[in-house]
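Chemist: Have a look at this one before I ask anything.
The values are calculated or read from the model by the stated rules, or taken from the named source; none is laboratory data. This structure is a prediction, so every number in the text was calculated from the model and none was measured. Cβ placement follows ideal geometry from the backbone for every residue including glycine, while neighbour counts extend to all protein chains displayed. Ligands, DNA and RNA are excluded from the accessible area calculation, which covers all protein heavy atoms including side chains. Shrake-Rupley method; radii C 1.70, N 1.55, O 1.52, S 1.80 Å.
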Amino acid sequence: VQLQASGGGLVQAGGSLRLSCIPSGRTFRGYNVGWFRQAPGKEREFVVNMRWNGGITTYKDSLKDRFTISRDIAKNTVYLQMNSLRPEDTGIYYCAAGNAWSSTATMHIPFDYWGRGTQVTVSS
C-alpha cells in the first residue's frame, strides 16, 4: 500500500489548508489512519489519528481546536483540515495507515504504511 499525501503549499498566517491522503493498492477500509508532521530541524511529531471503525479520534492537544481529521469513504480519502495556521505549523505533513491506533497523542504508533509527505509553509 502506498499513501499519497497532497494539498500542502504556501499560506499566510491565519489561512487554511486541507490535506488529502489517498492509498493506492487498496482502500482505507479497516485501516486506522493518522497524520504526523516534521518541522525543520525537529523530530517528527504526532498530529492526530483516527480509528476507521467508529471514527474515534485522538488529537495532539494543542492542535485539536484548529485541525480536523475526516474521511470520505466513497472517495477513499482521508483529510486534514487545518485552520488558523501559524508559522510554527510549517513542516512536512505525513499520513499513515495500518492496524495500529493510539488513544494518546504519541509519536510511537506502529503504523504499517507511510506517505512521502506534503510540504506546508506558513508565512508570517
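Chemist: Output the relative contact order of the range 71-124, whole-number percent, from Cα pairs under 8 angstrom with separation of 6+ residues.
Modeler: With pairs under 8 Å counted, the relative contact order is 40 percent.
Chemist: Okay, next question. How much of residue 61 can a 1.4 Å solvent probe reach, expressed as accessible area in Å² and rounded to 10?
Modeler: 110 Å²
Chemist: What distance in nm separates the simple spin-label points at residue 83 and residue 4, each placed 7 Å from Cα in the Cβ direction?
Modeler: A separation of 2.9 nm, rounded to one decimal place.
Chemist: Compute the distance from the alpha-carbon center of the range 64-92 to that of the range 12-34, in whole Å.
Modeler: Comparing the Cα centres of the range 64-92 and the range 12-34, I get a distance of 8 Å.
Chemist: Something else: Under 29 Å Cα-Cα from residue 75, which lysines qualify once same-chain neighbours fewer than 8 residues away are excluded?
Modeler: 60, 64
Chemist: Quick check: at a probe of 1.4 Å, how many percent of the accessible area of the chain sits on carbon and sulfur atoms?
Modeler: Taking all protein chains in place, the chain shows 45 percent carbon and sulfur surface.
Chemist: Apply the Karplus parameterisation 6.51 cos²θ - 1.76 cosθ + 1.60, with θ equal to phi minus 60°, to every residue of the range 19-28 and state each ³J(HN,Hα) to the nearest whole Hz, in sequence, with x for glycine and proline.
Modeler: With the stated coefficients, the range 19-28 comes to 8, 10, 9, 10, x, 10, x, 5, 8, 6 Hz.
Chemist: Further, regarding this structure: With every protein chain left in place, what is the accessible area per residue of the range 6-114 in square angstrom, probe 1.4 Å?
Modeler: Computed with neighbouring chains in place, this is 50 Å² per residue.
Chemist: For the range 33-38, in order, what is each residue's ³J(HN,Hα) by Karplus, 6.51 cos²θ - 1.76 cosθ + 1.60 with θ = phi - 60°, in whole Hz (x at glycine and Pro)?
Modeler: For the range 33-38, the Karplus curve yields 10, x, 10, 9, 9, 9 Hz.
Chemist: Would you kindly state how much longer the chain becomes between residue 71 and residue 51 on full extension, computed as 0.36 nm times their sequence separation minus their alpha carbon distance, in nm to one decimal?
Modeler: Between residue 71 and residue 51, full extension yields an extra 6.1 nm.
Chemist: Then there's this: Round to the nearest 0.05 the FRET efficiency obtained for residue 18 and residue 43 when R0 = 30 Å and r is the Cβ-Cβ distance.
Modeler: 0.75
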